[in-house]
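The structure under discussion appears below in the form of structure tokens.
Throughout, read-outs are computed from the coordinates displayed, never taken from laboratory work. Owing to the predicted nature of the structure, the values given are computational and were not obtained by experimental measurement. Cβ placement follows ideal geometry from the backbone for every residue including glycine, while neighbour counts extend to all protein chains displayed.
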Amino acid sequence: MSGKKEFPNNFEKYRQADSRHFEPVTWEEFYEWRLCQWELPSSICCIVRAEHKETGKITEHVYQKPSAVAKRLQAYDKQGTHDVILASHEFVVPLSRPQFSLLTDAHIIDSEDD
């Protein structure tokens, strides 16, 4: 056994269902509905996604506290080896090195800690 937990799904039921039971949707509608919108659970403050510039390895960090996000961004700023994307409830934004310190010093991150 591989140790990975398997999650059952209902693929066969959906595949066998009559297409009349499903509302048709265009690619543009689907794109706007699922790809251009996102929702984070209320318990999550931010998600930080970092790609190593040389290796291309991607790591994601999920944070509940803004202060932890600030610490992670400061660490990436010191390393200077990663491209970072920050996702919060309000925005998804790519960050370059000079922006790390501006964001961690601003009230955008620290306003939740008050």
Legend entry - Where trypsin sites (Lys or Arg not before Pro) fall in DSSP loop in segment 49-86, at most 12 other Cβ within 10 Å: K53, K57
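Any idea how many Lys pairs in segment 13-99 come in under 30 angstrom at the alpha carbon, given 8 or more places apart or on separate chains?
Working: K53/K65; K53/K71; K53/K78; K57/K65; K57/K71; K57/K78; K65/K78.
Lysine pair count for segment 13-99: 7.
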